[in-house]
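Nothing in this text is a laboratory measurement; each read-out follows from the coordinates by a stated rule. Being a predicted model, the structure only gives us computed values, none of them experimental. FYI the Cβ positions are ideal-geometry reconstructions off the backbone, even for glycines, and counts take in every protein chain you see.
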Amino acid sequence: MDKVERNKLYEEAKSWVVEAGELIRASLDKKLQIDTKSDANDLVTEMDRESEKFFVDKIKLNHPSHKIISEEGFGDDLSTLEGTVWILDPIDGTMNFVHQKRNFAISLAIYQDGVGEIGLIYSVMEDVLYHVKRGEGAFRNKTQLSPLKDHVAIEESILLVNSSLCCENKRLNHTKIQELVKTVRGTRSYGSGALEFAGVADGTLDAYISMRLSPWDFAAGAILIEEVGGVITQIDGSPLDFFGENTSFSGNPFLKDEIINNYIELK
């Protein structure tokens, strides 16, 4: 993808994200229809579906040859990232959206032949947009994000740990995780993977461990984090899988080996 095309797609995607955010904010006073998916805590609302359809309709109308991976079923059934692929989570942090009316985000990424070109994470209620075009810097609104610190001592780090410590047949050793929690300066969990990735990218958080992420959860965040010099892999160091459920470590590269080698043990 050349720079001209990337800029054009970026401007389109950015305008659609902001417009979708306005629609979501306008819906907050309405009574929501809330359904569950995989379990009682896996929530979906009609606003998730309406927001996703809004994006899919825009993409298909303006770029009929492009493909879409999305959470709520309006995208394509893909097995490859060949061509131009949009990866979308219309409301990341649906439980927060339902219960708190805040701490949720729109996450949108554009990949070209498997390479992340554009990433957008929009914190809807804060009206804060994290955005990146590959090789052109990552930004929080108009402020460019600095490269991640040259070195972070684990004892001085802030760690994000997803509340779920298992993924399919993989489970973290709780004793090791307890040791890690006692070692770091503090731990957090925001309930929105997109906002957690954004926090890692802007340097306010140092590492993020999750055991259950789908491609729409991490696609935009991965581009942001890599643009500022961070790393994102599966918990065992292997590459992310864009067609399945993932474990994930993301953060400052100086913490990766220390945390994975000393504190991460799958059972």
For helix 253-263, what angle does its Cα long axis make with the longest principal axis of the chain, in degrees from 0 to 90 and rounded to 10? 60
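In nm, what is the difference between 0.36 nm times the number of residues separating THR183 and SER15 and their Cα-Cα distance?
Details: separation 168, 0.36 × 168 = 60.48 nm, distance 4.27 nm.
Once the chain is fully extended between THR183 and SER15, it gains 56.2 nm.
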When TYR111, TYR190 are ranked with the fewest other C-beta atoms within 10 Å first, the list becomes TYR190, TYR111
Compute the orientation-averaged projected area for the range 3-144 from the convex hull of its Cα atoms and round it to one decimal in nm². 8.8
Rounded to the nearest 10 degrees, what's the angle between the helix 3-26 long axis and the longest principal axis of the chain, both from Cα atoms, 0 to 90? 90
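Checking the a/c ratio against 1.5 first, then a/b against b/c, what shape does the Cα gyration tensor give for the chain? Please report the intermediate quantities before stating the final value.
Working: a/c = 1.59, a/b = 1.32, b/c = 1.20.
Prolate is the answer for the chain, as a/c is 1.5 or above and a/b outweighs b/c.
Can you sort LYS3, LYS53 from fewest to most other Cβ atoms within 10 Å of each residue's own Cβ? Could you put the intermediate results ahead of the total?
Details: LYS3 11, LYS53 15.
Fewest-to-most ranking of LYS3, LYS53: LYS3, LYS53.
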The aspartates and glutamates whose Cα lies under 20 Å from the Cα of LYS176, excluding any fewer than 8 residues away in the same chain, are GLU155, GLU156, GLU168, ASP206, ASP236, ASP257, GLU258, GLU265
Of LYS60/LYS142; LYS142/LYS256; LYS8/LYS58; LYS14/LYS256, which sit over 21 Å apart, Cα to Cα? LYS60/LYS142; LYS142/LYS256; LYS14/LYS256
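What length, rounded to one decimal in nm, is gained on full extension from ASP257 through to LYS142, with 0.36 nm per residue of separation minus their alpha-carbon distance? List each step's numbers first, then the result.
On the way: separation 115, 0.36 × 115 = 41.40 nm, distance 3.28 nm.
So the extension gain works out to 38.1 nm.
Can you check what the net charge comes to around SER248, using other residues whose Cβ is under 11 Å from the Cβ of SER248 (Lys, Arg +1; Asp, Glu -1)?
Taking every Cβ under 11 Å from that of SER248, the sum is -4.
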Can you give the local net charge around LEU81? Use residues other than it whose beta-carbon is closer than 15 angstrom to its beta-carbon, Lys and Arg +1, Asp and Glu -1. -4
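Once fully extended, how much extra length lies between ASN173 and HIS63, figured as 0.36 nm per residue of separation less the alpha-carbon to alpha-carbon distance?
Values: separation 110, 0.36 × 110 = 39.60 nm, distance 4.56 nm.
Once the chain is fully extended between ASN173 and HIS63, it gains 35.0 nm.
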Expressed as a rounded percentage, what relative contact order does the chain have, with Cα pairs under 8 Å and six or more residues apart? 16
Could you list SER192, SER15, SER107, SER65 so that the one with the fewest beta carbons within 10 Å of its beta carbon is first and the one with the most is last? SER65, SER15, SER192, SER107
